[in-house]
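> Before we start, here is the structure in question, set down as structure tokens.
The values are calculated or read from the model by the stated rules, or taken from the named source; none is laboratory data. Model, not experiment: these values are computed from the prediction. Every residue, glycine as well, gets a Cβ built from its backbone with ideal geometry; the counts of neighbours run over all protein chains shown. When the accessible area is computed, the model is the full protein with side chains, heavy atoms only, and any ligands, DNA or RNA have been set aside. Shrake-Rupley method; radii C 1.70, N 1.55, O 1.52, S 1.80 Å.
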Amino acid sequence: MSRLEAKKPPLFISEPLTKDTFSQSLSLLSGILKSCYGPAGRLKQLHNGAGGYVCTTSQSSAIFGHLSVSHPILRVLTASVQNHVSRFSDCGLFTAILCCGLIENLRSLNIASCTIIKISKHLLSLCMDYLKSEACGCRIPVDFSSVEALLCLVRSVLTSKPACMLNKQEVDHLTVLILKAFMFTVPSHVETNAVLGKCIVVPVKGKRVVDSTVLPGLLIETPEIPSAKPLIVKRSCSNVIKIALFCVSMSGDLFSPEEGTITVHHGISLEKSELNQLLNVGNQLVNDEVGLVICQKVIHPSLKQYLKENHIIAVDRAGLSLMEPLSQMTGSKPIASIHFLSPSCYGSLKDVRIESFASKHFVHLIPTDAVVCSLLLCNRNETAWDELK
């Protein structure tokens, strides 16, 4: 490969706010965001200029994800808004428009930068104090004995995104589902430090919106487990299903060179030794009456077969994102070593079933107290599904 253009040294700009190009870029970005905001907001189609995937959207996370921003200050601005959206999942457009407006107005005052920083910090403290006060107009009193206010709130969010392409029937159906999913995450027993559960969005593309549904518990896609055969799961003497959650690889791989060197005696096979250790773990799981094993990474085929012969369901490649909700739902502690296995790390489930949606097969984990739920979200095409998610 050859470079089409000579590599340039890094460009350092001492006072970028004084440049006319920045004002034009900021004004253009502000105009794009304002035209997407509110009930009359319009859609944008974004692509990279060389063809390929076209994103149709009006929401900030998708706009900033596909918009190419070159100016350093605008990069900081967009990164800050993206961080805000990742933390709070809301008000991305409002935050970006507010930031653009503040920068434009503060530049027009012709005040020293240090004074502008002090003014901004003071305004921020005033805003935070107001938002935390009881007089804040942004607070919505909600009576959980009547869900009408909650339904109106969810419906207003759904109808504000035209790229979802939803009709009234679909909006009503999704509104009820989303509120139901939220109710699943509210703990049944209120404690001093109550924590909401998790709602996991499961994508099902190419289906009707009204086929969307919400289920208590967790769905894990498992194409290896056939749905036609009845599922036989080992239960403990207390009629619950014990679950072991592993966050370490169980593939039997050897140490990587970066982890250091090991000394091996003549005639010793590392692969065989590692597999024997995995089978020892499987034997302990059988003796401890474990019925379900979930691994964040990969499980060795021989261990999988051994567990299957003893009526233990083995699910691997669950991924990092499911570790926290699995632990919260089952009470299990992720096991980080195959050389030490404590029975206190096990969790429990009420039931395990096989569910099929479209062409996908899932293991459905049903807890005793459903603080985690799975929302199967359907839409007619990929663009509309991405916007809905």
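> Can we say PRO187 is closer than 30 Å to ARG353 by Cα and modelled with pLDDT under 80? Walk me through it before giving the result.
Details: closer than 30 Å to ARG353 by Cα: yes; modelled with pLDDT under 80: yes.
Against the criterion (closer than 30 Å to ARG353 by Cα and modelled with pLDDT under 80), PRO187 qualifies.
> Shifting gears a bit: Looking at GLN284, is it in a helix (DSSP H, G or I) and in contact (Cβ under 8 Å) with a residue 60 or more places away in the chain?
Values: in a helix (DSSP H, G or I): yes; in contact (Cβ under 8 Å) with a residue 60 or more places away in the chain: no.
Against the criterion (in a helix (DSSP H, G or I) and in contact (Cβ under 8 Å) with a residue 60 or more places away in the chain), GLN284 does not qualify.
> Tell me the residue from ARG139, ARG155 that is open to solvent by 90 Å² or more (accessible area, probe 1.4 Å) and within 31 Å of the chain's Cα centre (by Cα), please. Break it down stepwise before answering.
Numbers: ARG155 fails: open to solvent by 90 Å² or more (accessible area, probe 1.4 Å).
Sole residue among the options that is open to solvent by 90 Å² or more (accessible area, probe 1.4 Å) and within 31 Å of the chain's Cα centre (by Cα): ARG139.
> So, one more: Can you confirm whether region 311-321 contains a residue that is open to solvent by 20 Å² or more (accessible area, probe 1.4 Å), in contact (Cβ under 8 Å) with a residue 12 or more places away in the chain and farther than 24 Å from ASP351 by Cβ?
yes
> While we're on this one: Of all residues in region 294-309, count the ones that are loosely packed, with under 14 Cβ neighbours inside 10 Å and of a type outside the set (Gly, Ala, Ser). Show your work before the answer.
Going residue by residue through region 294-309, those that are loosely packed, with under 14 Cβ neighbours inside 10 Å are 301-302, 305, 308-309.
Cutting the leftovers down to of a type outside the set (Gly, Ala, Ser) gives us 301, 305, 308-309.
Residues that pass the stated criteria total 4.
> Under 8 Å by Cβ, and 6 or more places apart or on different chains, what pairs join a residue from region 132-157 that is within 12 Å of ILE178 (Cα to Cα) and outside the structural domain of TYR37 (by the TED database) with one that is of a type in the set (A, V, I, L, M) and open to solvent by 80 Å² or more (accessible area, probe 1.4 Å)?
Partner pairs satisfying both residue conditions: LEU151/VAL176; LEU153/ILE140.
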